[in-house]
Every structure is written in C-alpha cells, then in structure tokens.
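What follows draws every value from the coordinates through simple rules; no lab data is involved. Since we're looking at a predicted model, the values are computed, not measured. Reconstructed Cβ throughout: ideal geometry from the backbone, glycine too, with neighbour counts over all protein chains shown.
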Amino acid sequence: MVRLLLERGEHVVVVDDLSTGFAERVEGADLVRLDVTAPDAAEKLAFHLRASGADSVIHFAAHKQVGVSVQQPEMYYRDNITGLANVLSACENAGVRDVVFSSSAAVYGMPDVELVTEELTPSPINPYGRTKLIGEWMLEDAERAHGLRTVGLRYFNVAGAGWPVCADTQVMNLVPIVLNALENGKTPVVFGDDYDTPDGTCIRDYVHVVDLADAHIQALEYLRGEDRPHRVFNVGTGKGSSVLEVIDAIARATGQEITPEIGERRAGDPARLVCSTDRIRETLGWTSTKTLDDIVVSDVEARRAKKAEAEGAQA
Ligand code: WQD
C-alpha cells in the first residue's frame, strides 16, 4: 500500500508499533512508531495528522487471526475496537475527512451461498469477524457525528507479495503455512477433505495483495468524489480455489511434488467463501488482475529473494 501511494507521488506517514511489521518495508514514508491502542494514542495521532497535513487515513492496524480471537476474545475486542476508536477520534480532531477501513470477509460468517454479495446480512461467527463488523458500525456513526467519509473494504483471502522485502513472514495463512512447511521439510496438512465441495476441501477467494492495495487507491479516489452510493465493498476475485488447488499451484510454482496429510476439520471454517465483485467493479471500477498461479509464484519468488538476500548479508 505504501509503495503504491509513493509511486503516485503521495506523501505517506506510516503509524505502526512494528509488533509484526518491519521498517524496511515502508522506506520512503515517514514512520511514526506508535501503538494505536495506547491511552494517549488519539492525541498523538491527531498531532501527527495535523503536522503532516494528512487528508486521508487508511486504517489497517488490528489483530487478524480467527483462531486466536476465539481463544482471547477480550484482547481482540480491546485492541481492534480501541485502535479504531482512537483513529476516528484523531481524524475528527485533526479535521481529516476520508477514512478507508480494513474490514473482512469474516463479517459474513458461514454464508451458504455460491457468491457472497454485500447485500448479505453479516453474521460473524468469531470475535475477529465481530470486531470488523463493529468497526463498520463505528465508521457509520463517525460519518453521522462528524461528517467523515468512510469505506470499509471486506478482504477475502489475501496472499502473494509485491516485493521480496514484503514477503509474508507471518506464518498465519494457507500459502505461507504450506511454503514454510516445505522449506522445513514438513508435510502440509489439509484441514478436512469431507466438505460439500468438488474435491472435499474448503474453497476460498484468493486475491493478490497488490491488487488489494490498488483497491484502497480506488477507494480513496471514490471518497474524494461526490457520488458515494455505498460504504462497504468486497475485495476478491469472484473465483474460488480449493485447498488442494492451492497446494497444486504451490507444487507448480516450486517444482516440488506435494502429498499433503489430510487432517481434521478446523472449527469455524465455512466450506465456501467466494465473493461477488459486482459492486466494487461497478462503483470503484476495480477488478483483480492476478490469478492464483500469479499469487503463489509471487510468494515463492519473494521468499526465495528474501532468503538469498539474508544469506548474502551473512556471507
Ligand atoms: C484458508 C483455507 C483452512 C492452513 C483468512 C484470514 C482472515 C480473513 C479471511 C482478512 C481454510 C485451510 C489453512 C493449513 C488448511 N481475511 N488451511 N491447512 O481461515 O479463510 O481466513 O481470510 O480479514 O483474517 O485469516 O484463511 O489461510 O487460515 O485458511 O487446510 O495449514 O485453508 O481450513 O479452508 P481463512 P486461512
């Protein structure tokens, strides 16, 4: 996101506590190390928004692991909600009008539909998804109270890498989990193959992280316009890929034969979660550009380049 904004000549200030991120990923932007959930965060954020002359905010900072949210719901509610509340207070205080919010397909829970549209009533089934739905409500209330202009982007399954330094080192999702297992000589595990899908494994809508970042650019443009019929948009490809299909794509990208272990189902996994892209295409003019193979190859190549760089640095 930072790199796309810098390429467009925007002045970017990154506010991050670097609890999971790395400063080198955002070279070229000003970096303010700050925990948005801290007691004085709203005041400090307002100061930096005014000092930088910011006219827009994109809010990403939140926890995003469904499984952890089930085990530690209080931490998820405390941090994800408080962080957003501080950001919105700072925007109101500093006169920043436009806010793009990182929401999630997790707000839909386990919808039993072929394609998920934004007209579907959200019914999140885990604390993570609930914090994202509450976040969307908070944006709506901030619009009403302070005249903010907001967009919530409901991310489906984000994967891939735009640059080696941005390779996903957090082993939290299917593609990095499988790649990490292969790199460590371990067998990937498929969480259940008895779902009501063609090959029995769960189907998801995998969208490239750079395509996703571009959707934020389109959302910022939308907020600067006068015609704003919608406040939330799905961000995905509209195409589903099963776990086994993703593993096959990884085998193609790595040239490795992969025979995964079939494990137990994971609680809370819907059989299918694929989005309709009609609204974002028709309203923001955005569509994904990268295929599943593009996504997986970009991850493999980024990890290889990052590893080579690290080894070069050690040599
Ligand atoms: C994908 C599929 C697993 C690991 C993610 C984010 C969530 C939200 C939605 C942004 C599932 C299966 C996984 C493994 C497996 N995105 N799997 N073996 O659960 O769809 O949610 O996208 O807000 O934040 O977490 O993603 O990558 O965990 O799983 O079989 O070792 O792969 O069961 O069907 P998920 P995931």
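Obtain the nm distance between the two label points defined at residue 171 and residue 125 by a simple spin-label model: each point lies 7 Å from its Cα along the Cα-to-C-beta direction.
Modelled inter-label distance: 2.7 nm.
Tell me, what is a quarter of the convex hull surface for the C-alpha atoms of the range 1-155, in nm² with one decimal?
For the Cα atoms of the range 1-155, the hull's average projected area reads 9.8 nm².
Are there GluC sites (Glu not before Pro) in the range 13-95 that DSSP marks as loop and that have at most 13 other Cβ atoms within 10 Å, and which are they?
Sparse-neighbourhood loop GluC sites (Glu not before Pro): 27.
With each pseudo-label sitting 7 Å past Cα toward Cβ, what's the residue 71-residue 291 distance in nm, one decimal?
Result for the modelled spin labels: 3.8 nm.
Add +1 for every Lys or Arg and -1 for every Asp or Glu among the other residues with Cβ under 10 Å from the Cβ of residue 15, and state the total.
-2
Describe numerically, in nm with one decimal, the distance between label points set 7 Å from Cα along Cα→Cβ at residue 258 and at residue 308.
Each label point is offset 7 Å from its Cα along the Cβ direction, giving 2.1 nm.
Please give the peptides 302-311, 129-138, 152-161 ranked by average Cβ packing (other Cβ atoms within 10 Å per residue), highest first, as a rough proxy for protection.
152-161, 129-138, 302-311
If you wrap a convex hull around the alpha carbons of the range 110-207, what volume per residue comes out, as a whole number of Å³?
159
Any idea how far the Cα center of the range 124-145 sits from the one of the range 261-315, in Å?
About 25 Å separates the Cα centre of the range 124-145 from the one of the range 261-315.
At most 15 other Cβ atoms within 10 Å and a DSSP loop assignment: could you name the GluC sites (Glu not before Pro) in the range 221-266 that fit?
226, 257, 264
I'd like the projected area of the chain, averaged over all directions, using the convex hull of its alpha carbons. Report it in nm² with one decimal.
That works out to 16.5 nm².
Which value at 222 nm does the chain reach when only helices count, each DSSP H run of 4 or more adding -39,500 (n - 2.57), with the total divided by all residues and rounded to the nearest 500 deg cm²/dmol?
Helices in the chain give a 222 nm mean residue ellipticity of -12500 deg cm²/dmol.
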